[in-house]
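Written out below as structure tokens is the structure these notes cover.
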Amino acid sequence: VHRDCAKNNIKYLKIMALNDNKAGMEGLNRDKINKIIMESSKGSRFYENELKKEQQVNQRIERMMLQKAHITEQQLSKAQAQVEKMTSDLERGRDLSRVIVHVDMDAFYAAVETRDCPDLMDKPMAVGSMSMLSTSNYHARKFGVRAAMPGFIAKKLCPNLVIVPTNFDKYRVVSAEVREVFADYDPHFLPMSLDEAYLDISDHLEQRRGWPEALRTHRLHTNNTGTARGIAPNMMLAKVCSDKNKPNGQYRLPSNRQAVIDFIQDLPVRKISGIGKVTEKMLGALGITSCSHLGQEMALLALLFSETSWHHFLHISMGLGSTHIERDGERKSMSTERTFGEMGALEEQFSLCKELCQDLALDLQKEALKAKTVTLKLKNVNFEVKTRAWTLPCAVATTEELFAVAKDLLKTEIDNVSPQPLRLRLMGNLTLPSPVCLNVVSHWQENTLTSAFIYVVHNNNI
Ligand code: DCP
Ligand code: MG
């Protein structure tokens, strides 16, 4: 029995272990933190679902290893030739002429709250509630406290943690102020969320060459709302760079091929945007942990993964990324998400849904775009994701039009779980094609909805 317990605990630790792939979480006492997380959440539905997901990934890995065992030398050399051809084509198209900046605010919600209450500056603090945290400041991160962790677990990790409730209106105002600054440097900057954006400053740099010295001097205001910037020749690299010297730092990767190749060599694959826990594990099973390993195993990857995946891996291994920030109207997606305490009251849920539609309508109108499909995506009691979509006969753009559809989709979900209440914890939005897809994603636990996003993505083809 004891041995079984020990085995289960080891399994549990592997699944629930602290996700420390986040700035400010290096060098923590993982064993101690994991023990507390484990003791606080063992046996929960969340754990059961994580276990199920883990088993699914393990099965995928088993199938992949079986497939690998059957690969012939001939298949491998054919794939190798294909990879080499594509590598040289990509190399010829390498563009090092642009200067791309990725900006990401440090501990964004926490920084705004600290601005309004400077006493919090030196204290470990987080924004959210006992049931869910949206973010934590860098002091709290040292205790293992991070976003998407329930506040009650965070309190066990850090008894002195101050938890401040979320105030989205404030974060939206700050975000708008920050975006005004971005527009000075690149009027076509691409916002990714309230606190994150890509800018192409190449034209700005060209223009300022002619400016007098005084104008070209940038005065640095140091305060508690830090910003991390990553400067690189493409978007993929800029995103990695902005995380490198967080908080309040920047990292510039020079625009030359050798610097890019050197930078990518030892970079763990997990640092690349788009490579998550599952891909990291699948690659790990093949002995691939760094970007240079990716390059070395490309032929194998071309045989084991889909074309889209291995093309993506090849780009990463060469340090290639997008050098052209998609301008208005070419943009594929726009998103915002929210985490809050528990929300059980129907009126509150509908009014939040309306608020999200309002945000969405504003964003759509700003760019003269319209929505055609409205999707409600939900994660149920067992953390299984469901989607509900409705396509309209003609594209819409106003709050009322969007809400008319989103409301019906939400109501259907509420009716589905009735007579139990649907209790929300997070709602957000992302928009789809202009034509557009309004996508409400929700997660709930027991009868408690833990998260929801509305998505609207637009593209030129529709
Ligand atoms: N957010 C959230 N739920 C999450 C992740 C983030 O509500 N699971 C919110 C709160 C964050 C904001 O989005 O302040 C920005 O997200 P980031 O991932 O950029 O996190 P921070 O800005 O807080 O910290 P960092 O300094 O690591 O960027
Ligand atoms: Mg941030």
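The values are calculated or read from the model by the stated rules, or taken from the named source; none is laboratory data. It should be emphasised that the depicted structure is a prediction, and the values quoted were computed from it without experimental measurement. All Cβ positions, even for glycine, are placed from backbone atoms using ideal geometry, and neighbour counts span all protein chains on display.
Summary table
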{"quantity": "Condition met for ASP203 (touching a helix residue (DSSP H, G or I) at 6+ places or on another chain (Cβ under 8 Å), at pLDDT 90 or above and among the acidic types (Asp, Glu))", "calculated": "no"}
{"quantity": "Subset of the stretch 215-237 (residues that are modelled with pLDDT of 90 or more and in contact with a helix residue (DSSP H, G or I) (Cβ under 8 Å, 6 or more places away or on another chain))", "calculated": "GLY230, ILE231, ALA232, PRO233, MET236, LEU237"}
{"quantity": "Of all residues making up the stretch 100-122, the number that are near ligand 1 (Cβ under 9 Å from one of its atoms), in contact (Cβ under 8 Å) with a residue 60 or more places away in the chain and not in a strand (DSSP E or B)", "calculated": "6"}
{"quantity": "Condition broken by ASN21, with the remaining ones in (1) part of a helix (DSSP H, G or I); (2) under 28 Å from the mean Cα position of the chain (by Cα) satisfied", "calculated": "(1)"}
{"quantity": "Filter pass, ASN248 being crowded, with 18+ Cβ neighbours inside 10 Å and of a type in the set (S, T, N, Q)", "calculated": "no"}
{"quantity": "Condition check for TYR185: within 16 Å of ligand 1 (Cβ to nearest atom) and in contact (Cβ under 8 Å) with a residue 24 or more places away in the chain", "calculated": "no"}
{"quantity": "Any chance ASP359 is at pLDDT 70 or above, of a type in the set (Asp, Glu) and buried (at least 16 other Cβ atoms within 10 Å of the Cβ)", "calculated": "yes"}
{"quantity": "Every residue from the stretch 85-102 that is touching a Ser or Thr at 6+ places or on another chain (Cβ under 6 Å) and of a type in the set (A, V, I, L, M, F, W, C)", "calculated": "LEU96, VAL99"}
{"quantity": "All positions within the stretch 110-138 that are more than 16 Å from ligand 2 (Cβ to nearest atom) and either outside the structural domain of PRO150 (by TED's automatic domain parsing) or among the small types (Gly, Ala, Ser) (or both)", "calculated": "SER129, SER131"}
{"quantity": "Sole exception among (1) in a loop (DSSP other than H, G, I, E, B); (2) more than 23 Å from CYS117 (Cα to Cα) for PHE143, by number", "calculated": "(2)"}
{"quantity": "Pair list, Cβ under 7 Å, 6 or more apart: the stretch 123-148 residue more than 18 Å from GLY226 (Cα to Cα) and among the small types (Gly, Ala, Ser), other residue within 14 Å of ligand 2 (Cβ to nearest atom) and in a helix (DSSP H, G or I)", "calculated": "none"}
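Here is a yes/no grid of residues against (1) surrounded by 16 or more Cβ atoms within 10 Å (Cβ to Cβ); (2) touching a Pro at 6+ places or on another chain (Cβ under 6 Å); (3) of a type in the set (Gly, Ala, Ser):
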site: ALA140; (1), (2), (3): yes, yes, yes
site: ASP169; (1), (2), (3): no, no, no
site: ASP184; (1), (2), (3): no, no, no
site: ALA228; (1), (2), (3): yes, no, yes
